[in-house]
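Enquirer: My questions all concern the structure below.
The values are calculated or read from the model by the stated rules, or taken from the named source; none is laboratory data. Source: prediction; values computed, not measured. Note: ideal-geometry Cβ built from the backbone for every residue, glycine included; neighbour counts use all protein chains shown. Heavy atoms of the whole protein, side chains included, go into the accessibility calculation; ligands, DNA and RNA do not. Shrake-Rupley method; radii C 1.70, N 1.55, O 1.52, S 1.80 Å.
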Amino acid sequence: QVQLVESGGGSVQAGDSLRLSCAASGRAFSSSSMGWFRQAPGKERELVAAIGWGGGVTYYADSVKGRFTISKENAKNTVYLQMNSLKPEDTAVYYCAAAQGPGLYYTTSRYNYWGQGTQVTVSS
């Protein structure tokens, strides 16, 4: 069992940076691969970035590649999403999610646990 709580969202201007944090409770965090998803109004939830359970492998959606960085700190049971050069199209509710297994997972159905989400709003 893993419980997830996101923080760090907010309202910023285009070009600014934010760092999202996802604090996990439960002993399974170190054996969980993690993902950050986002959902904008009227759109499907989409995978933004993912990281394997050891932190050695990562995936980024093309729309955020080079601007976002995902990292996982097992000692602190926390996963981060550093977001730089934010754009208005990054506006969404951001969710972290945990999947049991070592690899990278790309679909919502593969993730077992979800946080409540944190709002990110980027204005031009």
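Enquirer: So residue 59 clears everything in (1) at positive phi; (2) touching a residue at least 12 places away in the same chain (Cβ under 8 Å); (3) not polar (S, T, N, Q) except one condition, right? Which one?
Expert: In the conditions (1) at positive phi; (2) touching a residue at least 12 places away in the same chain (Cβ under 8 Å); (3) not polar (S, T, N, Q), residue 59 misses (1) alone.
Enquirer: Follow-up. Looking only at region 82-121, count how many residues are under 30 Å from residue 11 (Cβ atoms), over 14 Å from the mean Cα position of the chain (by Cα) and assigned to a helix (DSSP H, G or I).
Expert: 2
Enquirer: Which members of region 57-86 meet the condition of being within 23 Å of residue 26 (Cα to Cα), open to solvent by 30 Å² or more (accessible area, probe 1.4 Å) and either of a type in the set (A, V, I, L, M) or touching a helix residue (DSSP H, G or I) at 6+ places or on another chain (Cβ under 8 Å) (or both)?
Expert: 57, 74, 75, 77
Enquirer: OK, next. Suppose we filter region 65-77 for residues that are within 22 Å of residue 23 (Cβ to Cβ) and at pLDDT 95 or above; how many remain?
Expert: 4
Enquirer: Conditions: (1) assigned to a loop (DSSP other than H, G, I, E, B); (2) open to solvent by less than 30 Å² (accessible area, probe 1.4 Å); (3) farther than 25 Å from residue 122 by Cα. Residue 54 meets all but one. Number of the miss?
Expert: (2)
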